[in-house]
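See structure below.
The values are calculated or read from the model by the stated rules, or taken from the named source; none is laboratory data. Small disclaimer: the values here were computed from a predicted structure and weren't measured. Reconstructed Cβ throughout: ideal geometry from the backbone, glycine too, with neighbour counts over all protein chains shown.
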Amino acid sequence: MTTDKKAISVLTMNTLAFCICFACWMLYGVLITFLVNNGLYQWDKAQMGWLIGTPVLTGALLRLPVGVWTDQYGGRIVYPLVMLVAAAGMFSVSFCNSYYQFLAAGLFFGLAGASFAVGIAYTSVWFPREKQGTALGIFGAGNAGAAITSIGAPHLLLAVTDNLNNLEGWRMAPRIYAGVLLVTIVFFWFFTYPKKIEHGQGYTLKQRLAPLKELRVWRFGLYYFFVFGGFVALAQWLVPYYLNVYAMPLATAGLMAAIFSLPSGVIRAIGGWMSDLWGARIVMYGVLVSCLVSAVLLSVPRMDIQSPGQGILSINDGKVTSVSATKIVVGSKEYKVRPKNEKDIITIADENKDLLIWPTFAFWQEPKVKVGDLVEKKQILARGVTHIFFQANVWIFTALVFVIGIATGIGKAAVYKHIPDYFPKDVGVVGGIVGVIGGLGGFFGPIIFGISLKATGIWTTCWMLLAVLIIVCLVWMHWTITRMMNEGAPELKDQFESESLVKTA
């Protein structure tokens, strides 16, 4: 078989294996929620949070050592071992009966999330630099495994529990997932070929980790903290968001959340192609700017509020002789009053309201005096009331979330396009630490979102936090590119993707 055909076969199996591993990695979010909602276990929100986040944390932290092993031993050996251990952990879930048993099992099968570091390194060695963006983008499309689980796992749980008539049947679900992992290992072994980076064979661990001293590694990690960590965090956060903000049924909320997660995984392949064509930095600029605009727009909370408006003050002393909804008369002076018009007032409780894009405002004045009152100069005669309603229409909301999902999918490919460009001989190590940072974003994101929600009571604080993170990424990236150009020459400002500048940025 020619090298090209081998490369395509390896890429296909890497992508399939990553998709299956990612689906397994995300299983606890559905499974733990199912067990608690159906009364099988009485865990509180904090315990549920730790159980759901534990596999994400394990998968994130183990990406670095797994990446190092891939550089050293090759992906064809490391990948099946990762899946084998993850399958054993997944199978062990079916025997769990206590909180700590579930916690330990989650730590065990969370290794499935580390498969990303293996696939990145194993894929990159099969493709030349000019095609690595596309290849790594195709591999990264395995993120779609998250959508497969969010859509498919609830139906699987219903099937194995006989539509909730035999709740203990849930134990078959993790066994089925484990079985799929084992079948994947067999296919992977027969349709992949050995190949590893020749550079660095025999290096000590310290020598292998030497690239982590470079600041750009951590800059790439910050980008990935947003594009991947933000993706994973939102994939978990959007279901309760839809439930609470838009009062949707659980099934509908899951489907709406899948609108975000599924395209983000699939579009990653196109992100790789775009990074090869235009350069990773140009693509990252587009990703960050589009996400920033969307996050800022999403930060405006759904609201139905009343606040003080412009009132009416008496301009002289006198006695009130007439009061109505449209005017107040003090002595010989007449003051016009703006009456309340119920037709101008729209509320969230209104079930028949039309699609509204922008906030609506209604203003009226309410008399505060009555006939016969003696008033003084500058005394309030009528208080102003301003009513603000912002629908935050669910379809516009979903469209903006969809934009972020698409952009982060493209961004994930763009970040990993940087790595073989800058570190062609250390893809496993650098890709591993970048993956660790991204995975930590997925673990800590929902926790930070929850803390901010508890502190403010406003659901849109998650978008505000993401907007701040995006601004930091943009500033750091732009500062780096500006510095690079200043150290070079002005005529190179349009060539910051060139070979000569790659080593200086």
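Residues that are free of Cβ contacts under 8 Å to residues at least 12 places away in the same chain, in the same structural domain as ILE120 (by TED's automatic domain parsing), on the phi < 0 side of the Ramachandran plot and in a helix (DSSP H, G or I) occur at least once in region 156-166.
Within region 300-308, is even one residue in a helix (DSSP H, G or I) and either touching a residue at least 12 places away in the same chain (Cβ under 8 Å) or outside the structural domain of LYS340 (by TED's automatic domain parsing) (or both)? No, region 300-308 has no match at all. Could you please find all residues in region 451-470 being touching a helix residue (DSSP H, G or I) at 6+ places or on another chain (Cβ under 7 Å) and part of a helix (DSSP H, G or I)? Of everything in region 451-470, those that are touching a helix residue (DSSP H, G or I) at 6+ places or on another chain (Cβ under 7 Å) and part of a helix (DSSP H, G or I) turn out to be SER452, LEU453, THR461, CYS462, TRP463, LEU465, LEU466, ALA467, LEU469, ILE470. Mind checking whether some residue in region 69-77 is β-branched (Val, Ile, Thr) and surrounded by 24 or more Cβ atoms within 10 Å (Cβ to Cβ)? Within region 69-77, one or more residues are β-branched (Val, Ile, Thr) and surrounded by 24 or more Cβ atoms within 10 Å (Cβ to Cβ). Determine whether LEU16 is assigned to a helix (DSSP H, G or I) and under 25 Å from the mean Cα position of the chain (by Cα). Here the answer is yes, as LEU16 does meet what is asked. Checking each residue in region 136-146 for being at pLDDT below 85 and either more than 22 Å from the chain's Cα centre (by Cα) or within 16 Å of LYS6 (Cα to Cα) (or both) picks out only LEU136.
Taken over region 367-386, the residue count meeting the criterion of being in a strand (DSSP E or B) and either surrounded by fewer than 16 Cβ atoms within 10 Å (Cβ to Cβ) or not assigned by TED's automatic domain parsing to the domain that holds GLN310 (or both) is 4. Which ones in region 315-346 are within 55 Å of the chain's Cα centre (by Cα) and either part of a loop (DSSP other than H, G, I, E, B) or among the β-branched types (Val, Ile, Thr) (or both)? Answer for region 315-346, where residues must be within 55 Å of the chain's Cα centre (by Cα) and either part of a loop (DSSP other than H, G, I, E, B) or among the β-branched types (Val, Ile, Thr) (or both): SER324, ALA325, THR326, VAL337, ARG338, PRO339, LYS340, ASN341, ILE345, ILE346. Mind listing just one residue for me: the one in region 376-415 that is of a type in the set (Val, Ile, Thr) and in contact with a strand residue (DSSP E or B) (Cβ under 9 Å, 6 or more places away or on another chain) and, of those, nearest to ALA280 (Cα to Cα)? Looking at residues that are of a type in the set (Val, Ile, Thr) and in contact with a strand residue (DSSP E or B) (Cβ under 9 Å, 6 or more places away or on another chain), I get ILE388. The single condition among (1) more than 29 Å from PRO65 (Cβ to Cβ); (2) surrounded by 15 or more Cβ atoms within 10 Å (Cβ to Cβ); (3) within 29 Å of the chain's Cα centre (by Cα) that THR161 does not satisfy is (3). For region 1-14, the set of residues classified as β-branched (Val, Ile, Thr) and surrounded by fewer than 22 Cβ atoms within 10 Å (Cβ to Cβ) consists of THR2, THR3, ILE8, THR12, listed by residue number.
Take GLN207 and decide whether it is at pLDDT below 80 and farther than 22 Å from ASN143 by Cα. In short, yes.
Criterion applied to PHE449, PHE444 was being surrounded by fewer than 19 Cβ atoms within 10 Å (Cβ to Cβ) and closer than 30 Å to ARG63 by Cβ, and the one residue passing it is PHE444. Remark: pairs (first residue in region 128-155, in a helix (DSSP H, G or I); second residue basic (Lys, Arg); Cβ separation under 6 Å; 6+ apart in sequence or on different chains) = GLY133/LYS417; GLY137/ARG268; GLY140/ARG268; GLY140/LYS412; ALA141/ARG268. Total residues in region 21-60 satisfying the condition of being within 20 Å of the chain's Cα centre (by Cα), in contact (Cβ under 8 Å) with a residue 40 or more places away in the chain and surrounded by fewer than 19 Cβ atoms within 10 Å (Cβ to Cβ): the figure is 2. Regarding region 21-28, can at least one residue be identified that is aliphatic (A, V, I, L, M), modelled with pLDDT of 85 or more and assigned to a helix (DSSP H, G or I)? Looking through region 21-28, at least one residue is aliphatic (A, V, I, L, M), modelled with pLDDT of 85 or more and assigned to a helix (DSSP H, G or I). Here GLY230 meets the list (1) modelled with pLDDT under 85; (2) under 30 Å from ASN393 (Cα atoms); (3) among the small types (Gly, Ala, Ser) almost entirely, failing just condition (1).
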